[in-house]
Amino acid sequence: MIEPDRRLDPRVVTLWRLSRLIRLMLFGLPFAAAIGFGLGTALSSTVGIILAGALLLWQLTMAILWPALQYRHFRYAVREHDLLVQSGVLYRRWSAIPHSRIQHVDTRQGPLERTVGLARLQLFTAAGVSADGSIPGLDADEAERLRDELSQRSAEDDGV
């Protein structure tokens, strides 16, 4: 097996941390408050506060540490006949998408991605309507270059 050789842009760690911290503020804080209030009412306010604090501490730790682990374990390689993507921290996943199966390739940027200058590459095959492969955290110019390269390769590769 050929080892994937390209890595994501290091700024993706910041992007993933920001995303997780925003989710923590929007959903984690209210959830922890509800847990703390519910347990405080049912058991004691001290137990509720301790469990809510532990939950928030765990979520904050994961928001800060997990993105670096994700970055460390994500690689991709454009090979002669396919695109190989490796991802996963606890469970590793290797996906090979043959160039002949690629129908079209898109680049996408959300508001946070635009802020840090990154883009996501999405690959669509004949198998379905949703993206069958995705490479997050690419520099916007690199995402466009890779999109064009994969589109060109898929047009050239007739699957024979």
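Of all residues in region 5-64, those being touching a Pro at 6+ places or on another chain (Cβ under 9 Å) and over 27 Å from ARG75 (Cα atoms) number 0. Taking the criterion of being exposed (fewer than 12 other Cβ atoms within 10 Å of the Cβ) and in a helix (DSSP H, G or I), the residues of region 1-33 that qualify are MET25, LEU26, PHE27, PRO30. Every condition in (1) of a type in the set (D, E, K, R); (2) touching an Asp or Glu at 6+ places or on another chain (Cβ under 9 Å); (3) over 18 Å from ILE135 (Cβ atoms) holds for ARG75 except the one numbered (3). Restricting region 89-107 to residues that are part of a helix (DSSP H, G or I) and not hydroxyl-bearing (Ser, Thr, Tyr), the residue that is surrounded by the fewest Cβ atoms within 10 Å (Cβ to Cβ) is ARG101. For ALA77, the requirement of being in contact with a Pro (Cβ under 8 Å, 6 or more places away or on another chain) and more than 22 Å from ARG20 (Cα to Cα) is met. Being buried (at least 16 other Cβ atoms within 10 Å of the Cβ), out of contact with any strand residue (DSSP E or B) (no Cβ under 9 Å at 6 or more places or on another chain) and either modelled with pLDDT of 90 or more or within 23 Å of PRO10 (Cβ to Cβ) (or both) is a condition met by at least one residue of region 65-88.
Looking only at residues in region 108-139 that are at pLDDT 95 or above and touching a Gly at 6+ places or on another chain (Cβ under 7 Å), the one that is surrounded by the fewest Cβ atoms within 10 Å (Cβ to Cβ) is ASP139.
The values are calculated or read from the model by the stated rules, or taken from the named source; none is laboratory data. Being a predicted model, the structure only gives us computed values, none of them experimental. Every residue, glycine among them, receives a Cβ derived from its backbone with ideal geometry; neighbour counts consider all protein chains shown.
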